[in-house]
Amino acid sequence: MIELLNQEYELVRDDDCFDIESVKEKITDYFIDYDYLCGDYSYDKLRLKGFYDSNNKKVREFNDIKGLSSYIRDYCSYGAKIFLLKKRK
């Protein structure tokens, strides 16, 4: 279990890149509502993106977890290391 923003998360994907300290430096209250947090490293910089579970009432096409593979393909650098955290309810 990983605790961020007083929420518990489970690491469900890790391309051998997850670093809790880097995430703690980057994360803000903006991400608290999201069901998933995706992190990718491009040019040694961590980027975070929030996604909702498909049945969440706040979900939109651009932040639906079903679109994760499209997001990685279209917005992450080729071969970027990725991790995915899922909020525990």
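The numbers here are math on the coordinates, done by the rules we state, and not lab data. This is a predicted model, so every value here is computed, not measured. When we count neighbours, we look across all protein chains shown, and the Cβ atoms used for this are built from the backbone with ideal geometry, even at glycine.
Assorted remarks:
- Solution diffusion estimate, µm²/s, Stokes-Einstein, the chain, Kirkwood Rh from C-alpha pairs, 10 °C, viscosity 1.306 mPa s: 120
- Least to most buried among K86, K26, K45 (fewest other Cβ within 10 Å first): K45, K26, K86
- Rounded to the nearest 500, the helix-only mean residue ellipticity at 222 nm of the chain stands at -4500 deg cm²/dmol, with each DSSP H run of n ≥ 4 adding -39,500 (n - 2.57).
- Cross-link reach is defined here as a Cα-Cα straight distance under 16 Å, omitting same-chain residues fewer than 8 places apart; for K81 the aspartates and glutamates meeting it are D14, D15, D16, D19, D40, D44.
- A full extension of the chain between L4 and K58 corresponds to an added length of 17.4 nm, given 0.36 nm per residue minus the alpha carbon distance.
- Between Y43 and C17, the modelled labels are 1.5 nm apart [label points 7 Å from Cα along Cα→Cβ].
- Two-site FRET efficiency, T28 against Y78, from Cβ-Cβ distance with R₀ of 30 Å, rounded to 0.05: 0.60
- Percentage relative contact order, the chain, counting C-alpha pairs under 8 Å, at least six apart: 41
- Whichever lysines have a C-alpha closer than 28 Å to that of K57, once near sequence neighbours (fewer than 8 apart) are set aside: K24, K26, K49, K66, K86, K87, K89
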